Amino acid sequence: MQGFGLLPFVEVKQDKKGLFSLKGNNGTLSQFFRILPSAMAKNYPFRSVEEKWQKIWSTKAAHKTPTLSGEDSAKKCYVLEMLPYPSGKIHMGHVRNYCIGDVLARFKKATGHKVLHPMGWDAFGMPAENAAMQNGTAPKTWTYQNIEAMKATLLALGVSYDWERELATCSEDYYGHEQQLFLEMYEKGLVYRNESWVNWDPVDNTVLANEQVIDGKGWRSGALVVRKKLPHWCLRITHYVEELLANLDTLGATHEKAGWPEKVLTMQRHWIGKSEGGLIQFGFSEDSADRLKDYKDPSLVVFSTRPETLFGASFCALAPTHPLIEFLAQADASLAQFVQKCHEAPTTESTLSVAEKQGYDTGIRVKNPVKPTETFPVYAANFVLMEYGTGAIFGCPAHDERDFDFAKKYHLPIVSVIRPENSAEAVLPYVETNGIMENSEFLTGLTVLEARKNVLDALEKKGDALRKTTYRLRDWSVSRQRYWGCPIPMIHCPKCGTQPVPKADLPVLLPEDVDFQKSGNPLDHHPTWKNVTCPQCGGEAHRETDTLDTFFESSWYFLRYCCPKATTPLDRDAVAQWMPVDLYIGGVEHAVLHLLYARFFNMVLCDLGYLEAREPFSVLLSQGMVCHTSFQDEKGQWVYPDDVESLANGRLVKKADQTPIRAMRAEKMSKSKKNIIDPERMMDTYGVDALRIFIMSDTPYEKDFDWNTDALEGSWRYLNKMWRLCEGVRDDYTFSEDLLAFSLKKTLTQEEAPLLLKTAHRYLKKITQALDQFAFHKALAFHRELTREIENNVGKEAHACDEAFLAEILHIWCEALAPFAPHFALEVYATLFEPKDACVELKWPVLREDLAYSETVTIAVQVNGKLRETFEIERDAEDAVLQTEGLKLEKIQKFIQGKKIKKIFIVRNKLLNIVVEDR
RNA sequence: GCCUGCUUGGUGGAAUUGGUAGACACAACAGACUUAAAAUCUGUCGAUUUUACGAUCGUGCCGGUUCAACUCCGGCAGCGGGCACCA
C-alpha cells in the first residue's frame, strides 16, 4: 500500500508475530513506529533483571580480582573509592562515589585492564560509642549490624566489588597488624610521647577535637572546655615534610596524564605551610638582668620570615605558655592572672582569631640585634602561638597589620623601613615585599630580598641568627581517650618506664565487657584489662589505655586490600603488583587530613621495607556533594522532602496538615536538615540502573549535584524507551551466533559501510573519549544521541543495513552503556545475542577508527566574522575548492556584493571567513 | 584578611581548547493517540524585531588583542571552597 498526494509515503508491514507496523519517510512521519497492543508497550522489568544478574555475578564470581602474571603489570588498574564509615545506611553521597568508581572499574575491565576494585569499612569511631551510651548496644554489635545493612545496599546497587577482599578496620585481624606497624614505627623512632595542650571536657573527662568545641563548650556535655596538658602519642610526620611537599609538584595533571586536582594540591601546600626565615637572638637589656638571673636562657630567640624589617621593630611578643612568661609569672601575680585568662579563653584556632589582641607588658626589655643601643619592651600576648616557630615574635608595626594594631593599642613607635618602589612614602601598614629599604642603616637603598639576605648574613656572622625553615604542619597526635579504637600497644611500668608490647603478644585485643555509663575512657576504668606484667622486669605494670585516631586505620587500608589474607601486615609482592592506586575517588572533604596522612604512611611503609612506590594515589578524583533543597515549616522545623507537597498554584505545603512550607537553598544532604533522599527508595521505584545513569548524568562528577527526582524519572524513561526499541528489533531480526564474528572480521571501506554503522562508530569514539576524560555526563549524552539515531533508522533502513551490520551497531550501543547500566545492558545483550546468559560482563566495543568520521563535513561561511551560511562538502576538500564553493553561495554574494575582498581565512573542514571592506 | 576556584536559556549543563554558542537532559507550552487520564509519539522553547525570508543583540560587568573571543590579556563585581592571629 502506498500513500499519494498529501499523504506521506507509508508502508504497512506485518511481521513474524503478526504485528503490524507502519513505515514512513516523510518529514511529518520520519519516525518508524509500531502499532502495539497496549500490553506490549511494557517497561523494562528492572526488579527481575537486577536480581537475575546479581545472582549470576555472585555464583560465577564475576568480580573476583584476577591474579597478575609478569606481563600483566602494565595492564593492572587499581580502582579505589574511599571506604565508608558504617553509620547504618548508604546515603546519596555514597551512591555517587561508588557509581563513579564502578563505571571506571567496569570500563577499565572492559578495555582489557586487570582490575582490583575492593571495598571495606572504616569501622572504628565515636558514633558506635555514642550508640552504646544511648541504647546500650555494644559498639561491635552495632557496627557489624550496620555493615551488614550497608553491604546489602551496595550489592543491590550492582557495584563490581571483589567482596573476598572486604575488610573491616575494627576486626582483630586488621587492627592487630596495625599494632605491629605502630611498633615498627616506634622502633624507627617515628613515634614519641609528648605533653601537649588539648581541649578537655571536665564533665565527660575526655579530649575534644577542635570541631567538637562549640562556643567554648563541649558539644555533648555543654561544659566549659578547658585547656589541659596531657601526654600524647605522636607520629613524626614532620620528618617527611619536605618529601610530602616536593612530591606535590609531581602529582598534578598534565596533558599526557591525569593526576590530582590542583585545588587539593594547593590545600595540601597551605596545610604544610613552609616558610623560610631565621631564628634571631635578642639579648636582654642590662636593666632586666636582675629579674632574669635565675632564668635558664641568656637571650630570647625569635623566628621571623621578615628579618629585613628589624630596624623598624618596636616590641617583642611571647605566647602565654612561653617559658619566659611562665618564669616571670612566678614573681608577678598580675602576669599570672593574664596568663590564666588566656588559658580560659575559647581555645579553637577559629575562635582565637576573632578574639581581641591583648598584651601584657612584662617590664623586661631586649636589645635590637642590629642596633644594640636600642631596646624595646617584651609583652605576653594572647595571639602568639607556642606551637609555631619559637612562640615568640618581634613586631614591626609599619609592615605587618597585626603588629600595627598592637602598636596602636599600646602606643608603641611605628617606624617605616620599606617604601614602595615608585613613591616616596607608603600608606602604613605597608605589607608588600616589593619595595626599597629606608631608615635601615646598612640596608637602606636595597630591595627587600637583598636586605633579607644581607641582614641574615650579618647576624649569622655575629652568631645572632640562624637560617631556619618552619612549617605549619605539626606532628600528628594519634592518642584518643576512647574505647572503640585500636589499642595502642604500649605498657607503662613504674620501674622500667614505657615499654612496647612484645610482638609475640599481639594483638592487644579490645575487651568486650565494658561499662559505658561512667564518663571518661571505658578502657581506663575497666577493672582488669589494663593490668599486665612488664615485659622487661615482669613486675606489675599497666597498659596504655589510649586508642589510635581513626585516621590511622584509613592511612593504610588501601595497601591491605592488595593482600587481605596475609599473615604479616603486608605482603610485599602483592603490594608491589597493585600499588599505586590508579584511580582514587572520594569527597573533597578529605583533601588534607586523610590524603596527607595516607601519603605519609605510604612513605613510612616504604622505609620499613613494605613497598616501593612512595606516592600511593596516581590519580585523584574528588567528587562534588549531593545537594537538595531543605524545607522548613512555619515553626522553623526542618521537614523531609517527602512530606512536602507542591500545589497547583506553585505553593508548598506540608502533606499532613497543609500548612505552608518554606523552601531554603539547596545544600549538602544531611540528616540534621532532613533534606535527604533515601537511595533504597529510589532503587525500589525506578531501578538501580536508572539511579546509576541519573547520578552520572547532567552534572560533571567534580561539581555539586542538585538532586532532582523528575530527572531521575527521565533516566527511568530512557531505559524503558531502549527496552521497547530492543523488543522491536527482536521482532524483526534474529542474530545468529556467527553473525557478529563475521561482521567484525570483515574490513570495511567508507563506501561499503552503511551510514548507521558509521554513525555508531562516530559515537563510540566520542563516548570512549569522554570516559577517558572522566566526563561521564557527556558519555551518556552521546549515548542518548546514538539511541535516537538507531531509533530513527533501524525500521527505515532495514534493507540498507543487513543483519550483520545491525548486530555490530547494537553491540556498540549495548556495550557502551554497560559500565553505567550493567544489569540492563547484559539483559539486552542476552536477549539479542546470547540467550544462554553465558556472558557475565561485556567487553568494550572495538572501534573502526576509519569509519568513525563522516565523509562529508559542514563548512561555516562567515563574512567579517559573522556566520551567514553553511554548506556541505566532502572531507578534506582543497582550500581553493572551499573558497569557490563558499563564494558561490547566493546569500554570501548578497553580503559581499560590490565590496572589495580583503582577505579570506580558511580552516580546513570547518570554516571560511571572508573579510571585506567595511563601509 | 590571604589563597583558590566558579559565573553560559526558566533549570542542570554542551561547545572538538581561538573557529557554526545553547549538544544532551529537566521543567514549561502546544498538538496526535485516548470516552478520559496516564504512558507514548510529534513540535516549540535566549532576547528584541519582522506578515514572512530574515535582521540585530546575546556567554556576570567594563576595556583590550584578533579576520574571528564563552575561550586569551587587563580591570571590576557577585557566589562558593580552603586557611586564618603562622611571626
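The values are calculated or read from the model by the stated rules, or taken from the named source; none is laboratory data. Values in this document were obtained by computation on a predicted structure and should not be read as measured data. Methodologically, a virtual Cβ is constructed for each residue, glycine included, from the backbone with ideal geometry; neighbour enumeration extends over all protein chains shown. What goes into the accessible areas is simple: the full protein's heavy atoms, side chains included, and nothing from ligands, DNA or RNA. Shrake-Rupley method; radii C 1.70, N 1.55, O 1.52, S 1.80 Å.
Name the one entry in A:Leu851, A:Leu832, A:Leu786, A:Leu755 that is more than 16 Å from RNA strand B (Cβ to nearest atom), over 31 Å from the mean Cα position of the chain (by Cα) and open to solvent by less than 10 Å² (accessible area, probe 1.4 Å). It would help to see each step written out before you state the result.
Working: A:Leu832 fails: open to solvent by less than 10 Å² (accessible area, probe 1.4 Å); A:Leu786 fails: more than 16 Å from RNA strand B (Cβ to nearest atom); A:Leu755 fails: open to solvent by less than 10 Å² (accessible area, probe 1.4 Å).
Result: A:Leu851 is the single residue among A:Leu851, A:Leu832, A:Leu786, A:Leu755 that is more than 16 Å from RNA strand B (Cβ to nearest atom), over 31 Å from the mean Cα position of the chain (by Cα) and open to solvent by less than 10 Å² (accessible area, probe 1.4 Å).
Just for strands (runs of 3 or more DSSP E) wholly inside segment A:135-245: which have at least 2 residues that are open to solvent by 20 Å² or more (accessible area, probe 1.4 Å), of a type in the set (Lys, Arg) and in contact with a strand residue (DSSP E or B) (Cβ under 9 Å, 6 or more places away or on another chain)?
A:226-235
Taking A:Glu841, is it surrounded by fewer than 15 Cβ atoms within 10 Å (Cβ to Cβ) and either in a loop (DSSP other than H, G, I, E, B) or of a type in the set (D, E, K, R) (or both)? If you could, list the steps in order and put the result at the bottom.
Numbers: surrounded by fewer than 15 Cβ atoms within 10 Å (Cβ to Cβ): no; either in a loop (DSSP other than H, G, I, E, B) or of a type in the set (D, E, K, R) (or both): yes.
No: the conditions fail for A:Glu841.
Does A:Cys627 count as in a helix (DSSP H, G or I), surrounded by fewer than 21 Cβ atoms within 10 Å (Cβ to Cβ) and of a type outside the set (Gly, Ala, Ser)? Quick ask: steps written out before the conclusion?
Values: in a helix (DSSP H, G or I): no; surrounded by fewer than 21 Cβ atoms within 10 Å (Cβ to Cβ): yes; of a type outside the set (Gly, Ala, Ser): yes.
Spelling it out, it is not the case that A:Cys627 is in a helix (DSSP H, G or I), surrounded by fewer than 21 Cβ atoms within 10 Å (Cβ to Cβ) and of a type outside the set (Gly, Ala, Ser).
Within segment A:694-718, how many residues turn out to be touching a helix residue (DSSP H, G or I) at 6+ places or on another chain (Cβ under 6 Å) and either more than 10 Å from RNA strand B (Cβ to nearest atom) or aromatic (Phe, Trp, Tyr) (or both)?
Total meeting the criteria: 5.
Scanning segment A:339-354 for residues that are assigned to a loop (DSSP other than H, G, I, E, B) and within 16 Å of A:Met386 (Cβ to Cβ), which turns out modelled with the highest pLDDT? Explain how you work it out, then say what you get.
Just the residues of segment A:339-354 that are assigned to a loop (DSSP other than H, G, I, E, B), to begin with: A:345-348.
Filter once more, keeping what is within 16 Å of A:Met386 (Cβ to Cβ): A:345, A:347-348.
Values: A:Ala345: 64, A:Thr347: 49, A:Thr348: 47.
Going through the qualifying residues, I end up with A:Ala345.
Quick one: A:Ala504 ticks every box in (1) over 25 Å from A:Glu184 (Cβ atoms); (2) without any contact (Cβ under 8 Å) to a residue 12 or more places away in the chain except a single one, so which number is it?
Here A:Ala504 clears every test but (1).
Taking segment A:385-401 only, how many residues are open to solvent by less than 10 Å² (accessible area, probe 1.4 Å), near RNA strand B (Cβ under 7 Å from one of its atoms) and among the aliphatic types (A, V, I, L, M)?
0
Taking segment A:246-256 as the region of interest, how many residues are open to solvent by less than 90 Å² (accessible area, probe 1.4 Å) and outside any helix (DSSP H, G or I)?
The total comes to 4.
Looking at A:Glu129 and the list (1) in a helix (DSSP H, G or I); (2) at pLDDT below 95; (3) surrounded by fewer than 18 Cβ atoms within 10 Å (Cβ to Cβ), which single condition is not satisfied?
(3)
Could you list, in sequence order, all residues of segment A:286-319 that are touching a His at 6+ places or on another chain (Cβ under 8 Å) and either more than 11 Å from RNA strand B (Cβ to nearest atom) or open to solvent by 50 Å² or more (accessible area, probe 1.4 Å) (or both)? Let's see the steps before the verdict.
Step one: of segment A:286-319, the residues touching a His at 6+ places or on another chain (Cβ under 8 Å) are A:306, A:309, A:312.
Hit for segment A:286-319 is A:Gly312, nothing else.
Which of (1) crowded, with 18+ Cβ neighbours inside 10 Å; (2) away from RNA strand B (no atom under 16 Å from the Cβ) does A:Val863 not meet, given it meets every other one?
All conditions are met except number (2).
Only one of A:Gln637, A:Gln623 is polar (S, T, N, Q) and touching a residue at least 12 places away in the same chain (Cβ under 8 Å); which? Can you show your working first?
Values: A:Gln637 fails: touching a residue at least 12 places away in the same chain (Cβ under 8 Å).
The conditions single out A:Gln623.
Being in contact (Cβ under 8 Å) with a residue 24 or more places away in the chain, surrounded by 15 or more Cβ atoms within 10 Å (Cβ to Cβ) and within 54 Å of the chain's Cα centre (by Cα) is the filter here; which residues of segment A:895-908 pass it? Reasoning before the result, please.
Step one: filter segment A:895-908 for residues in contact (Cβ under 8 Å) with a residue 24 or more places away in the chain, giving A:895-896, A:906, A:908.
Then drop every residue that is not surrounded by 15 or more Cβ atoms within 10 Å (Cβ to Cβ), which leaves A:895-896, A:906.
A:Phe895, A:Ile906, listed by residue number.
Quick check on my filter: what residues within segment A:411-436 are over 23 Å from A:Val455 (Cα atoms), open to solvent by 60 Å² or more (accessible area, probe 1.4 Å) and modelled with pLDDT of 80 or more?
If the condition is that a residue be over 23 Å from A:Val455 (Cα atoms), open to solvent by 60 Å² or more (accessible area, probe 1.4 Å) and modelled with pLDDT of 80 or more, then A:His411 is the only one that fits.
So is A:Ala258 within 14 Å of RNA strand B (Cβ to nearest atom) and of a type in the set (A, V, I, L, M) or not?
Against the criterion (within 14 Å of RNA strand B (Cβ to nearest atom) and of a type in the set (A, V, I, L, M)), A:Ala258 qualifies.
Among the residues of segment A:466-473, are any closer than 25 Å to A:Leu230 by Cβ and open to solvent by 30 Å² or more (accessible area, probe 1.4 Å)?
Quick first cut of segment A:466-473, residues closer than 25 Å to A:Leu230 by Cβ only: A:470-473.
Still in the running and open to solvent by 30 Å² or more (accessible area, probe 1.4 Å): A:471-472.
Yes - at least one qualifying residue is present in segment A:466-473.
Which residues, counting only those in segment A:766-779, are open to solvent by 10 Å² or more (accessible area, probe 1.4 Å), part of a helix (DSSP H, G or I) and within 11 Å of RNA strand B (Cβ to nearest atom)?
Residues satisfying the conditions are A:Lys766, A:Gln769, A:His777, A:Lys778.
Report yes if some residue within segment A:883-891 is open to solvent by 30 Å² or more (accessible area, probe 1.4 Å), in contact (Cβ under 8 Å) with a residue 24 or more places away in the chain, assigned to a loop (DSSP other than H, G, I, E, B) and more than 10 Å from RNA strand B (Cβ to nearest atom); otherwise report no.
yes
For A:Glu827, state whether it is open to solvent by 10 Å² or more (accessible area, probe 1.4 Å), in a helix (DSSP H, G or I), of a type in the set (Asp, Glu) and away from RNA strand B (no atom under 16 Å from the Cβ). Quick ask: steps written out before the conclusion?
Working: open to solvent by 10 Å² or more (accessible area, probe 1.4 Å): yes; in a helix (DSSP H, G or I): yes; of a type in the set (Asp, Glu): yes; away from RNA strand B (no atom under 16 Å from the Cβ): yes.
Considered against the rule, which asks whether it is open to solvent by 10 Å² or more (accessible area, probe 1.4 Å), in a helix (DSSP H, G or I), of a type in the set (Asp, Glu) and away from RNA strand B (no atom under 16 Å from the Cβ), A:Glu827 comes out as yes.
What number of residues in segment A:662-677 are in a strand (DSSP E or B), open to solvent by 60 Å² or more (accessible area, probe 1.4 Å) and farther than 16 Å from A:Gly587 by Cβ? Spell out the reasoning first.
Taking segment A:662-677 as the starting set, the residues that turn out to be in a strand (DSSP E or B) are A:662-668.
From what's left, open to solvent by 60 Å² or more (accessible area, probe 1.4 Å): A:662, A:665, A:668.
Narrowing further to those that are farther than 16 Å from A:Gly587 by Cβ: A:662, A:665.
Qualifying residue count, segment A:662-677: 2.
With the checklist (1) modelled with pLDDT of 90 or more; (2) within 16 Å of RNA strand B (Cβ to nearest atom); (3) part of a loop (DSSP other than H, G, I, E, B) in hand, flag the one item A:Ala818 doesn't pass.
Unmet condition: (2).
Could you list all residues from segment A:553-602 that are among the β-branched types (Val, Ile, Thr) and surrounded by 20 or more Cβ atoms within 10 Å (Cβ to Cβ)? Before the answer, list the steps.
First pass over segment A:553-602, keeping only residues among the β-branched types (Val, Ile, Thr): A:567-568, A:575, A:581, A:585, A:588, A:592.
Residues satisfying the conditions are A:Val575, A:Val581, A:Ile585.
Take the residues in segment A:537-565 that are assigned to a helix (DSSP H, G or I) and more than 22 Å from A:Pro127 (Cβ to Cβ), then tell me which one is nearest to the chain's Cα centre (by Cα). Quick ask: steps written out before the conclusion?
Here is the first cut: in segment A:537-565, the ones assigned to a helix (DSSP H, G or I) are A:553-555, A:557-560.
Keeping just the survivors that are more than 22 Å from A:Pro127 (Cβ to Cβ) gives A:558-560.
Working: A:Phe558: 15, A:Leu559: 19, A:Arg560: 21 Å.
Out of the qualifying residues, it is A:Phe558.
Within segment A:444-500, work out how many residues are under 20 Å from A:Val302 (Cα atoms) and outside any helix (DSSP H, G or I).
12
Give just the number: which of (1) at pLDDT below 90; (2) within 16 Å of RNA strand B (Cβ to nearest atom) does A:Gln281 not satisfy?
Here A:Gln281 meets the rest and fails (1).
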